[in-house]
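The values are calculated or read from the model by the stated rules, or taken from the named source; none is laboratory data. Model, not experiment: these values are computed from the prediction. Cβ placement follows ideal geometry from the backbone for every residue including glycine, while neighbour counts extend to all protein chains displayed. Side chains included, ligands, DNA and RNA excluded: accessible areas come from the protein's heavy atoms. Shrake-Rupley method; radii C 1.70, N 1.55, O 1.52, S 1.80 Å.
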Protein chains: 2
Amino acid sequence: MQQEKITQTLKLLNELDIDCWMIVEKESEILSDPVIDFVLGTGLVWLSFLLFFKSGEKYAILGNLDKEKIDRMNIFDAVYPYMNSPREDLLGILKKHNPRQIALNYSSDSPTADGLTYGKYLSLIGLLKDSDFEKRFISSETLISKLRGRKSKEEISRIKKAIEVTLNIYSKISTHIKPGFSEKQVAAFIGQERENFGLQPSWEAEQCPSVFTGPQESGAHSGPTNKRLERGHVFNIDFGVIYEQYCSDLQRTWYILEENQQDPPPVVIQGFVTIVESIRRAFEALKPGVQGIEIDRIAREYITSKGYDEYPHALGHQVGRSSHDGGALLAPDWERYGKLPFIPLEAGQVFTIEPRLYLENHGVVTIEEMVLITPEGSEWLSDPQTEIYLIK
Amino acid sequence: MQQEKITQTLKLLNELDIDCWMIVEKESEILSDPVIDFVLGTGLVWLSFLLFFKSGEKYAILGNLDKEKIDRMNIFDAVYPYMNSPREDLLGILKKHNPRQIALNYSSDSPTADGLTYGKYLSLIGLLKDSDFEKRFISSETLISKLRGRKSKEEISRIKKAIEVTLNIYSKISTHIKPGFSEKQVAAFIGQERENFGLQPSWEAEQCPSVFTGPQESGAHSGPTNKRLERGHVFNIDFGVIYEQYCSDLQRTWYILEENQQDPPPVVIQGFVTIVESIRRAFEALKPGVQGIEIDRIAREYITSKGYDEYPHALGHQVGRSSHDGGALLAPDWERYGKLPFIPLEAGQVFTIEPRLYLENHGVVTIEEMVLITPEGSEWLSDPQTEIYLIK
């Protein structure tokens, strides 16, 4: 997998015509560049530089105590250990290769491409002073976005396993959860099921799952409370697991039937089918080359055309080793999303589609599916929810 | 604990005469500022700002979906949620309080104070354009160094528990490990013992423990190999556990007796007592106000005065929530350590003391103790190793 990603890196440098990509890492146990996992899979202690050149050469400059570990991995053409300062080796390699561009991991929009801290950036500037290499810095945002976004078969297969487990756990809710259970009890049930699979949650355990029931003010990033499931309310769960480093992120919605009620009231059905249809329309429009903003608009406008408020977030995000993976986003043109809604989609990317709407006396209706962009369009990774699940 | 750290933050702002400290956070699941654990203990999704003022006010500006979770924590005087952009709230708060300094988390020397990524820094600059707040930026390095360094009773007590478990596990080595065991087998034994305590390793599991046996080239940051423990060799282990978020980091050295040998040969004894004495001398000199470079020099010069090579690393580092905690360092004046060796030590800091030396035909002799700086001097947190442990 790591070898696969390094091969992909060298191809991308050629595709994007970037001469050099430099990762700057230090004390990984305290704060690690998110991309280190892909190309190295282990941490480094002292200020270190991993350099990948378009021409295919790969070098590491690192503290002497890290040398043997990295040597053993056989990734680099040469490993340069230092005791006092990395300056001489760094300048030596850069002068020899004389790259026109040096891509660094900084991005205001995409956290997955923003692993370079400001302190490490200042260290780098200090080491390169009296040279003009600083003028050649560019952001590696596009490179990392494609490296994380374009999934291999193996990556897709792991994501599918994570989805399978998540949907398996969801399938048990209707029989195990009863009116009167608290959100926390629902979360505890799911947490136990997850542990039975021996898997970690896709994001911090206190909010994975998130459970929301009934009318509320809650946002989507808060954890389950002591609020109880009441008849006549809708409730939804946002949850995912990590399978061999790869995440799922899925939401489902249930309705808690009143005594003697066979079906949800029309207002709930209406809300639910609106969400399903908005997802179907977004899904149909997904294909390489389209911008995320167009996809978001399709779902957003469909929902508001039915008289509901628009959802206060993006329609969908990428998923990979992180449940919120970086790069292109299915989002509106809001300042906080920067340029991410305008990046054309590519085959191999995995997205969530997760619109929602609010029903005054019932609660939040939301579904989150996961889809793969294919060369021709898109395909479902999750078996879509098409009917609201019922709790008796 | 978190309330304790927030109270300490406000005191430190007054002590250091810093008007405002601003933490910038985004997508914590991907990359989190290391200090977030101390003041918030949970993650944030959209670009967020946590502001602490010397006057005592505390504010959070964050994405609307994070609002409820943070509201519930009751830390801040006000929480400002946004949907489109945090600009207006951020400028509003800064204009109202008009701080002379705005401390940000960047540091070339100290990774624990370097949580601000370059991309987030650029976002911040963009949001503050048309104001002069950028000119008021200073590094929060000293603030964070003191916040992490000055341990409370509760923090010390957790570290002591982590040390107790580590020494307990070490005490089993002499009876359970035999000549012929591989480094990996020793590591597996320790890993199992650690799991019996239900604790996580202090750093990445593949190198925690590190196990080194016999003559070698290995550095201190590589993992255990298939190399086997041979009679006549010394071997050492570097290991620690995390107890309720707080780490231990300790090394011990063993000698594997030859058949019919009662004691190690004089050359091994000589190396071992040199390490013990260098630690004792460093320990005796530790007190508030002294610079780490002075302490490092005492141990380093003692070892070289006995004819051994100097150790190719620092004498000791702080320990806390990270096994390599930031700030003042017991280190020589090498470029890679920046100004850390010159920061005066303070009471409440926890340091390792970990010199080593190499014996040509036997291996690496090293001990790592943990000590607390007190108002008067220092005290041992770990029961020091004074005799080389023997394997029969």
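Just a yes or no: is a residue in segment B:69-76 at pLDDT below 95, farther than 26 Å from B:Q245 by Cα and more than 30 Å from the chain's Cα centre (by Cα)? No, the conditions are met nowhere in segment B:69-76. All told, B:A299 falls short of being touching a Phe, Trp or Tyr at 6+ places or on another chain (Cβ under 7 Å), aliphatic (A, V, I, L, M), under 28 Å from B:V234 (Cβ atoms) and not assigned by TED's automatic domain parsing to the domain that holds B:S108. For segment A:238-255, the criterion of being under 30 Å from A:N196 (Cα atoms), in the same structural domain as A:S202 (by TED's automatic domain parsing), more than 24 Å from the chain's Cα centre (by Cα) and open to solvent by less than 20 Å² (accessible area, probe 1.4 Å) is met by at least one residue. Got a number for residues in segment B:100-118 being over 20 Å from B:P341 (Cα atoms), at the interface with chain A (Cβ under 7 Å from one of its Cβ atoms) and open to solvent by 10 Å² or more (accessible area, probe 1.4 Å)? Adding up the residues that qualify gives 1. Taking only segment A:264-286 into account, find how many residues are touching a Leu at 6+ places or on another chain (Cβ under 8 Å) and surrounded by fewer than 16 Cβ atoms within 10 Å (Cβ to Cβ). Adding up the residues that qualify gives 1. Looking only at residues in segment A:69-82 that are farther than 13 Å from B:P312 by Cβ and at the interface with chain B (Cβ under 9 Å from one of its Cβ atoms), the one that is least open to solvent (accessible area, probe 1.4 Å) is A:I70. Residues of segment A:119-158 that are within 14 Å of chain B (Cβ to nearest Cβ) and among the basic types (K, R): A:K120, A:K129, A:R148. Among the residues of segment B:7-20, are any open to solvent by 20 Å² or more (accessible area, probe 1.4 Å) and within 14 Å of chain A (Cβ to nearest Cβ)? No - not one qualifying residue is present in segment B:7-20. Of everything in segment B:320-353 that is more than 12 Å from every other protein chain (Cβ to nearest Cβ) and assigned to a loop (DSSP other than H, G, I, E, B), the residue that is modelled with the lowest pLDDT is B:K339. Every condition in (1) open to solvent by 10 Å² or more (accessible area, probe 1.4 Å); (2) assigned to a strand (DSSP E or B) is met by B:M370 except one, and the failing one is (1). Going by the structure shown, is B:E154 among the acidic types (D, E) and either modelled with pLDDT of 95 or more or in contact with a Pro (Cβ under 8 Å, 6 or more places away or on another chain) (or both)? Considered against the rule, which asks whether it is among the acidic types (D, E) and either modelled with pLDDT of 95 or more or in contact with a Pro (Cβ under 8 Å, 6 or more places away or on another chain) (or both), B:E154 comes out as no. Residue count for segment A:30-64 satisfying the condition of being at the interface with chain B (Cβ under 8 Å from one of its Cβ atoms), under 20 Å from A:Q2 (Cα atoms) and surrounded by fewer than 21 Cβ atoms within 10 Å (Cβ to Cβ): 2.
Within segment A:52-60, can one find any residue that is more than 21 Å from A:P81 (Cα to Cα), acidic (D, E) and part of a loop (DSSP other than H, G, I, E, B)? Looking through segment A:52-60, none of the residues is more than 21 Å from A:P81 (Cα to Cα), acidic (D, E) and part of a loop (DSSP other than H, G, I, E, B). Tell me, which residue of segment A:83-99 that is under 28 Å from B:H313 (Cα atoms) and surrounded by fewer than 17 Cβ atoms within 10 Å (Cβ to Cβ) is farthest from the other protein chains (Cβ to nearest Cβ)? Selected residue: A:G92. Filtering segment A:287-313 to residues that are surrounded by fewer than 23 Cβ atoms within 10 Å (Cβ to Cβ), within 14 Å of another protein chain (Cβ to nearest Cβ) and in contact with a strand residue (DSSP E or B) (Cβ under 7 Å, 6 or more places away or on another chain) leaves only A:D309. Got at least one residue in segment A:39-46 being over 23 Å from A:G92 (Cβ atoms), touching a helix residue (DSSP H, G or I) at 6+ places or on another chain (Cβ under 8 Å), in contact (Cβ under 8 Å) with a residue 12 or more places away in the chain and part of a helix (DSSP H, G or I)? No, that holds for no residue.
Table: residues versus (1) modelled with pLDDT of 95 or more; (2) open to solvent by less than 10 Å² (accessible area, probe 1.4 Å).
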position	(1), (2)
A:A162	yes, yes
A:P179	yes, no
A:V186	yes, yes
A:S222	no, yes
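Cβ-Cβ contacts under 6 Å between residues 6 or more apart (or on different chains), taken from a first residue in segment A:119-140 that is open to solvent by 30 Å² or more (accessible area, probe 1.4 Å) to a second residue that is polar (S, T, N, Q), are listed as A:L122/B:S108; A:R136/A:Q101; A:I138/A:Q101; A:S139/A:S107.
Each row is one residue, and each column tells you yes or no for (1) free of Cβ contacts under 8 Å to residues at least 40 places away in the same chain; (2) closer than 22 Å to B:A314 by Cα; (3) part of a helix (DSSP H, G or I).
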residue	(1), (2), (3)
B:I156	no, no, yes
B:I159	no, yes, yes
B:V165	no, no, yes
B:E195	yes, no, yes
B:G198	yes, no, no
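Matching residues to (1) of a type in the set (A, V, I, L, M); (2) over 19 Å from the mean Cα position of the chain (by Cα):
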| residue | (1), (2) |
| --- | --- |
| B:D263 | no, yes |
| B:P266 | no, yes |
| B:G289 | no, yes |
| B:I293 | yes, no |
| B:R297 | no, yes |
| B:H313 | no, no |
| B:L330 | yes, no |
| B:G338 | no, no |
| B:G348 | no, no |
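Open to solvent by 20 Å² or more (accessible area, probe 1.4 Å) and closer than 30 Å to A:R87 by Cβ: is that true of B:W380 in this structure? No.
Among the residues of segment B:70-94, those identified as assigned to a loop (DSSP other than H, G, I, E, B) and either closer than 19 Å to B:D37 by Cα or not assigned by TED's automatic domain parsing to the domain that holds B:T7 (or both) are B:N74, B:I75, B:F76. Of all residues in segment B:322-348, those that are closer than 19 Å to B:D114 by Cβ and buried (at least 19 other Cβ atoms within 10 Å of the Cβ) total 15.
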